[in-house]
Every structure is written in C-alpha cells, then in structure tokens.
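Structure first, commentary second.
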Amino acid sequence: MLALVTFVAFTAFVAIVAYWKTKDDHMDSSDAYFLGGRSLTAWVIAGSLMLTNLSTEHLVGLNADAFNHTIAVMAWETTAALAMVVTALYFLPRYLKSGLTTIPEYLANRFDQQTRTIASLLFLFSYVIAILPVVLLFGATGLESLFDVSATFGISKPAATWLMVWGVGTLGSLYAIFGGLKAVAISDTVNGVGFLIAGLLVPVLALMVVGDGDAWAGLQEVYVDERPKFDITGDEPGSFLPFGVLFTGMIVNQIFFWCTNQSIIQRALGAKNLAEGQKGVLIAASFKLLGPFIIVLPGVIAYHMFKNELAPEDYLLAYPMLVKTVLPDALVGFFAAVMVGAVLSTFNSVLNSSATLFSQGIYRGLINPSADGPTMVRSGRYCSVALALIAMGFAPLIDTSGSLFNYLQKINATFFGPMLAVILLGMTTRFVSARAAKAGMVLGPVIFYLLVFVFADSVQVFFQGILGTEENIHFLHFLALVFVVTTLLILAISKIYPAYTGYREVYTNEVDITPWPHARKAGAAISVVTILFYVLLAQ
C-alpha cells in the first residue's frame, strides 16, 4: 500500500510541475508547440536529453544484457558521451545558425523537398516500429515484475501487458499531444532527477546487501567473484558486443543518434541560444558517464545474487528482482514512478518529434503548403494520436525471446547509416546532388535489410570465409559497411549528376549563436573520462 502511495505521489508531482510551468504558454504557434518557443535553458535541455534516451529499455534491457553477458554493453552509454561532444561543438552551431525546426528541414535547404519528405518518412517509420512499441513493452515488463500486476487484478500476464501498455501509452500521449515540447522537457527534467536518485540508489543498496552493510566490501566481493563480467572489451569468444565494433558501426550509430536524430536533437533546437544549448548537451554527456553505474553494474550484481535462481531466458527479470529485493516498500513505489516517468519521457518525446516531422515535412510540404500555426499544431496532434495507437497495438505482439535492446538497435541501424551518409555529405561537400541523396536514402536501408535480415545466414558464411573466422559478424560491422557503401554510391551518382547550385548556410537570427566559452574544455574533459573507462577496465 505504501508503495502505491509513493508511486501516485511522485507521478502526480511531475504532472503538477509540468502544468504549472506551462499553464500560461500559448500553443497556437508551431515554434511554441514544437520547440518550446525556443526558450529552453541548459538544465532543461540536459534533463530532457537524458530522459528522452534513458528509459526502461536501458534499465531493464541493458542490465539484463549485463546479467547474461559482460559490462561491455556499457559501450552504448559511454561512447554516447563522445558523440554528444561532437553535437555540441560541430552540429548544434550549424543547426541553430540555420534556425532549423527539424533535421529533414536541413535536407530540404541543402537538397530539395523530396529529400526532406523521404527523410521524414524514414524517421517516422523507425519510430513507430522500433522505439515507441519497445519502450512501452519494457515499461510493462518492469511494472509487472515490480508490482505483480497480473496477480493484483486477477488477470493473465498477457492481459496485464496490454493493460499497462495502453495505460502508460495513453498517459504519455496526453503530455505530448496537449503540452508540446516545453511540457515534455519540463516533465523530463523532474523525472530525470528522480531517475538519477533511484538509479544510483539501487546498486548502492544492493552492494550493501552483498557486503552486509558495507557497500565497498560488497563491490569488492562482486568484482572478485564475477571477474569475467567486468571485461569491458568484450573480446571473449562469441561476445555480445565485441570491442572492434567501437571503431566501426558504433561510431556511425552514435553520431547519427546523438547528432542528427530528430527525437534527440529537437531538445537542443529549442535552446534559447547556442551557449545554453551547448551547456545542456554537455551536461547531459556528463550524466552519460554515470550511466554504467545505473544501467550495467546492477545487472552484474543481480547475476552475483540470483545466478542460481534465474535462468538465462529469464534475464529480463534480473533488474526488477534486484529492485524488489533491496528497496523498502516506500522506495519501490517511488522507483516504479521513476520507471513510468522514464517510459513517459521517451514515449512523449518521440511522439512530439513525430508530430514535428509530420506537420513540418509532410503536412505543410505536401498537403497544405499555406497552413498557419494553429493548423500545423492540429495536424501534429492528429499524427501523434495515430502513431500512439499503432505503437500501443503493436507493443504487446513483439517477440521477447531475444535481446529487446538489440532488436531496437538493429531496426534503427537499418536507417541510421544511409541517413548519416546523406547528412554528412550534404554538410561537407558542394557537388553532392539531390538525386544522389535520394538514391542513398532509399537504397541504403534496402541493402542493410537484405544483409542483416533477409540473407543473414548466407551473408554471415560469406564474410566468415573472407575473414577466416567462425565468429558471427556483429550487425554493427554491417552498419559501418552500409554507411561506406551508401557514401560511395552517393558520390558516384553525384559525379554523373552533380548539384549545379552551391548551398550556403544563412544565419536566420532566430537565436544568438555566440558559443559557450568553456565548451571545448568541457568536451575535452568528457572525452578523457570516457577513454579512462576503457583504460582502467580493460582485461
């Protein structure tokens, strides 16, 4: 009962704060609804970036992967900090100088409207088949494990999953549809504080349990007894995340996700000026360095405590089981509220970005070019409702027999490589043409899908023969390969059909673009700490 009270109290607190901070805002202009009126400050940007990315697919999914494998999976978090430094120092100044609302808008400026439409559709497609349903499913799994919802209501577990998916999805939709980006960002920030507190509390209390009240002694015991789990390089045979991918597909994945992905970068596009935007991104990058202690270490501790109780196929229960074991009832409710908040943050953020992409790139671009602000906002809300319904209907049907986090990354990778190739070539060359860009964005995903999904077994045998290995080739290596192939394809087509008019960036004066004086120093410090993780934990 106490757990339920704290759950309701924290959830209500977040909603009240979000309402109070946005009740006087007018949501009838596209800038106000989609970019928070270009008024977001550093800490709001940082909190929203962190919670847009971190959700139950990380808390439950990556800890589950650490339970089954090693801490090498922390690379998804640590390398993200490096990509965020690149965002702050290189990409964000360009975006804010151009006054962008969406990333496809840049492609329209650089290439043409058709390129923008294709990019918008690819973003929307990846959101609705991967991010939105997986986030809801992980949230439902975590809540079922913490509260035993099926037993509480006397229903089956599949029925409980449907109930929680639709309940959480509906609540998240209300934030995104009626509140706009500012409400989403403020709720993210409040939930982010709770996420950090609860996330760090779990491993500390778990180590105290292991060490009979002494967390340091507990860490030493876990480290000694589970030494192989602490191999950050992932170089053991059959590694879940081999060290080599950090220099191939992981680079492509992280640069796309943190530098060009609409659902992430939209928070920074709403910055009141460049300095606040850079500070916000770099603060979030600093928080990323705490990620391994929240979303990887608990999985190893859970393995130490429950390895004789949980079978490998029950890996998704590892983190929730640890939470129920080490947290008192009052904090279990608070933690459940944080988990729901994390789901809501990711879900409503992606919905808001989807609304932005649809209204700006498709509705005004193809359907109603003369649409005014209120009409644009209304079209975005209709899009959010449609995508939310699709995601809530699809989420309970996803197969949970494998790594859901890996599924999410593999689906996203289908689009990441080709999209990044187009954006980078657009920024760094003058002769790459719209025809080549469109060919790359269409053919690149097809090539990746054929390599990784349709002809996966034959492709694995082919490359194993070339490389002289029996190990499966990780999909991130194929992501890098497709990125290179797409780049070469675009360059080749552009040689035959070059762009005849050069693109020049124009300062739109939407916001002040004076950079933060300490941005480079902060970026260097974050980069050094990230590298130290690998130096100190390499075996």
| query | From the residues in the stretch 510-539 that are open to solvent by less than 60 Å² (accessible area, probe 1.4 Å) and under 15 Å from Leu89 (Cα atoms), which one is farthest from the chain's Cα centre (by Cα)? | reply | Ile513
| said: For Thr87, only one of the following conditions fails: (1) under 21 Å from Lys410 (Cα atoms); (2) polar (S, T, N, Q); (3) modelled with pLDDT of 90 or more. What is its number? | reply: (1)
| task | State which residue is farthest from Ala421 (Cα to Cα) when the search covers only the stretch 459-497 and only residues that are surrounded by fewer than 18 Cβ atoms within 10 Å (Cβ to Cβ) and among the β-branched types (Val, Ile, Thr). | result | Thr469
| Only one of Gln409, Gln360 is over 20 Å from the mean Cα position of the chain (by Cα) and open to solvent by less than 30 Å² (accessible area, probe 1.4 Å); which? | Gln360
| said: Please determine whether any residue of the stretch 233-242 is touching a Leu at 6+ places or on another chain (Cβ under 9 Å), among the hydrophobic types (A, V, I, L, M, F, W, C) and closer than 30 Å to Ile473 by Cα. | reply: yes
| Where a residue in the stretch 290-312 is farther than 18 Å from Leu82 by Cβ and its partner, wherever it lies, is assigned to a helix (DSSP H, G or I) and of a type in the set (Ser, Thr, Tyr), with Cβ under 8 Å and at least six apart | Pro298/Tyr319; Gly299/Tyr319; Ala302/Tyr319; Met305/Thr325
| Any chance Met392 is over 17 Å from Phe123 (Cβ atoms), at pLDDT 90 or above, out of contact with any His (no Cβ under 8 Å at 6 or more places or on another chain) and not small (Gly, Ala, Ser) | yes
| Checking Ser401 against (1) closer than 21 Å to Trp162 by Cβ; (2) modelled with pLDDT of 90 or more; (3) of a type in the set (S, T, N, Q), the condition it does not meet | (2)
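Hand me the list of helices (runs of 4 or more DSSP H) wholly inside the stretch 431-534 holding 3 or more residues that are more than 25 Å from Phe240 (Cα to Cα) and free of Cβ contacts under 8 Å to residues at least 60 places away in the same chain.
In the stretch 431-534, the matching helices (runs of 4 or more DSSP H) lie at 434-449, 475-496.
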| Positions within the stretch 301-337 being surrounded by 24 or more Cβ atoms within 10 Å (Cβ to Cβ) and among the β-branched types (Val, Ile, Thr), in sequence order | Ile301, Val323
| request: For the stretch 74-86, indicate whether the set of residues that are open to solvent by less than 10 Å² (accessible area, probe 1.4 Å), in contact with a Phe, Trp or Tyr (Cβ under 7 Å, 6 or more places away or on another chain), closer than 21 Å to Phe138 by Cα and in contact (Cβ under 8 Å) with a residue 12 or more places away in the chain is non-empty. | output: no
| message | Considering only the stretch 209-218, I want to know if a residue exists there that is assigned to a helix (DSSP H, G or I), surrounded by fewer than 17 Cβ atoms within 10 Å (Cβ to Cβ) and in contact (Cβ under 8 Å) with a residue 60 or more places away in the chain. | response | yes
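The values are calculated or read from the model by the stated rules, or taken from the named source; none is laboratory data. This is a predicted model, so every value here is computed, not measured. Using ideal geometry, Cβ is built from the backbone for each residue, glycine included, and neighbour counts are taken over all protein chains shown. Just the protein is used for accessible areas: all its heavy atoms, side chains included, with ligands, DNA and RNA removed. Shrake-Rupley method; radii C 1.70, N 1.55, O 1.52, S 1.80 Å.
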